[in-house]
Amino acid sequence: MVDAVSFLQSDRLLVKGAKIVNDDQSFMADIYMEDGVIKQIGENLIVPGGVKVIEAQGRMPGVGLIAGYNKWREWADSKSCCDYSLHVDITEWHKGIQEEMESLVKDHGVNSFLVYLAYKDAFQLSDSEMYEVFSVIRDLGAVAQVHAENGDIIAEEQRRILELGITGPEGHALSRPEEDLFNPGVPLVDLLPLWATGKKPYLLTLCSPGAPQVEAEAVNRAVTVANQTNCPLYITKVMSKSAADVIASARKKGAVVYGEPISASLGTDGTHYWSKNWAKAAAFVTSPPLSPDPTTPDYLNSLLACGDLQVTGSAHCTFLTSQRAVGKDDFTLIPEGTNGTEERLSLVWDKCVVSGKMDENQFVAVTSTNAAKIFNVYPRKGRIAVGSDADLVLWDPDVTKILSAKTHNLCVEYNIFEGVEVHGGPLVVISQGKIVLEEGVLHTTEGCGRYVTRKPFPDHVYKRIKARSRLTELRGVPRGQYDGPVCDVVPTPKAPRPTTTFPAATPSASWRPPVAAPTSPPWVRHTVPCRTNGRTAEAILNHRHVSPGPCNELLPSDAPAPP
């Protein structure tokens, strides 16, 4: 075995006997990489001497805003161990933000912006602000990302649940209801003591017809605004069945929307929020929350396999227990986020490929290629081809491992997939043509990652947007100029409707309800200056019998005279 230093210094690598898996095909070949780029693919390649050789043996290689952007670039450039890019959050809206967005797209290679519909009084945008942001994003050729939850409902539910004395991590899920949390015929208040003891009676049913669905509602609202503005939409962190169904339904109707379930929602569920161990329960806190319905992960994996969901992410954001403990007495203060980067590929392979729901090419599409196409870095990323970056995974489909905090490459005490056995895993990981993982050992150098700029108007997204724009262009109706009479109408407020009191007993056939004294005259006089044939007339309109029509329309001849 060559030592780690030689791995890091090697600029030339040859992978022999690999099964190359792209999103559209699989084939056997050798791969030669030099200076971080794939130079040759084929058999019996002619390569320079002194090349590091990896025998694959048929295994698979898979594949203000400006100030904030500059700060994150500073942090990432000094620490990133692999190539990376950035999207930028839009947490407020005014003209200056629009100008900065234009600069980020044109000068800094940013082509995606994230909008929050949650976190009221912090990051949440209103619907009108979302409409304006989406319009700008469309004109810039970028992609709108949305964190979809109804922040107004969540804020009220958090207050209510805290008033009930529920302060633990289970309150996080209860304040964001999605899939059902009830037993038919049993009041919610009667179930709270059971939840407090760790029992989960809500698992007996699937969905409450009247239960609020704060994630699905926000997804639907984002899809509606995106359709109206003709802006491409990317829903991050799809966590529930109902939210996934909204995306699937919208796509069937032609909407340009993409759904991204994450490692957590594909690999575990929210029953852990009711763990007796506060630290363990708190480790699962993320938003949107994991669904307490244990059938949700399989449902989301099925939608991913059939194409109703298109991309997988990790939403990796971990905290030590001591950091989460700032919310030990108030679940709304618990820092949000879970692990998922290290486990994502193995979870998707195990639950989708091993189960027969998707093939190896679909696996590459949902874990790599689709995202590269949506964010316009394909085929530099997301494909094994001559000229593409030498970022490869030598994949062993047969290896098995048990996910655990004892073995993960993190410093946090909990792994939300603790004890889960998965099939399939990486043997060798190559980044920029250099080996960064082999035999489970990391060989990384902080700061070696490169920032990847992304151009606007990705074809994979904007071909459809441009076609829809042509079809939905608004046009007025050609008609002649109106040259008839024009009246100035001064509306009079409507009188309140009189109320009638009925007796408590059932009235007899001869009984008639008493007539209440009107609070205003039944006749209302409108004085309408009317220009008809050069003369001014006064039209009296009867609210009961004559609708206010053309100004020269008078009362019918048989109508009683007004007072």
Out of Ala390, Ala405, I need the residue that is open to solvent by less than 30 Å² (accessible area, probe 1.4 Å), in contact with a strand residue (DSSP E or B) (Cβ under 7 Å, 6 or more places away or on another chain) and small (Gly, Ala, Ser). Which one?
Ala390
So, of the residues in the range 353-381 that are more than 29 Å from Arg464 (Cα to Cα) and out of contact with any Gly (no Cβ under 9 Å at 6 or more places or on another chain), which turns out to be surrounded by the fewest Cβ atoms within 10 Å (Cβ to Cβ)?
Gly356
Under 9 Å between Cβ atoms, which residue pairs at least 6 apart in sequence (or on different chains) link something in the range 454-466 that is part of a loop (DSSP other than H, G, I, E, B) with a partner that is charged (D, E, K, R)?
Pro456/Lys106; Phe457/Lys466; Pro458/Lys373
Residue within the range 411-422 that is of a type in the set (Gly, Ala, Ser) and within 28 Å of Asp24 (Cα to Cα) present:
no
Please list, ordered by first then second residue, the pairs with beta carbon atoms under 6 Å, 6 or more apart or interchain, first in the range 239-267 and modelled with pLDDT under 95, second crowded, with 22+ Cβ neighbours inside 10 Å and in a loop (DSSP other than H, G, I, E, B).
none
Tally time: how many residues in the range 81-97 are farther than 22 Å from Val377 by Cα and modelled with pLDDT of 95 or more?
1
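Being open to solvent by less than 20 Å² (accessible area, probe 1.4 Å), out of contact with any helix residue (DSSP H, G or I) (no Cβ under 8 Å at 6 or more places or on another chain) and not in a loop (DSSP other than H, G, I, E, B) narrows it down to one of Ala264, Ala282, so name that one.
Checking each option against the conditions leaves just Ala264.
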From the options Cys231, Cys207, residue that is under 30 Å from Tyr258 (Cβ atoms), of a type outside the set (D, E, K, R), in a loop (DSSP other than H, G, I, E, B) and at pLDDT 95 or above
Cys231
Against the condition at pLDDT 95 or above and touching a Leu at 6+ places or on another chain (Cβ under 9 Å), how does Ser112 come out, does it pass?
yes
Confirm whether Ser287 is at pLDDT 95 or above and outside any loop (DSSP other than H, G, I, E, B).
no
Cβ-Cβ under 8 Å pairs, at least 6 apart or on other chains, the range 118-130 side open to solvent by 50 Å² or more (accessible area, probe 1.4 Å), far side modelled with pLDDT under 95 and part of a loop (DSSP other than H, G, I, E, B)
Ala122/Thr91; Phe123/Thr91; Glu129/Trp93
From the list Ile38, Ile66, pick out the single residue that is more than 20 Å from Asp389 (Cβ to Cβ), modelled with pLDDT of 85 or more and either touching a Phe, Trp or Tyr at 6+ places or on another chain (Cβ under 7 Å) or among the β-branched types (Val, Ile, Thr) (or both).
Ile66
Of Ala467, Ala505, which residue is among the aliphatic types (A, V, I, L, M), open to solvent by less than 100 Å² (accessible area, probe 1.4 Å) and either at pLDDT below 50 or touching a helix residue (DSSP H, G or I) at 6+ places or on another chain (Cβ under 6 Å) (or both)?
Ala505
Quick check on this structure: which one of Ile374, Ile402, Ile435 is closer than 22 Å to Ser85 by Cα, among the hydrophobic types (A, V, I, L, M, F, W, C) and within 30 Å of the chain's Cα centre (by Cα)?
Ile374
Unique residue being farther than 22 Å from Lys401 by Cβ and crowded, with 23+ Cβ neighbours inside 10 Å when the list is Tyr273, Tyr299:
Tyr273
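The values are calculated or read from the model by the stated rules, or taken from the named source; none is laboratory data. Here the structure is a predicted model, which is why all the values come from computation and not from measurement. Using ideal geometry, Cβ is built from the backbone for each residue, glycine included, and neighbour counts are taken over all protein chains shown. With ligands, DNA and RNA removed, areas are computed over all heavy atoms of the protein, side chains included. Shrake-Rupley method; radii C 1.70, N 1.55, O 1.52, S 1.80 Å.
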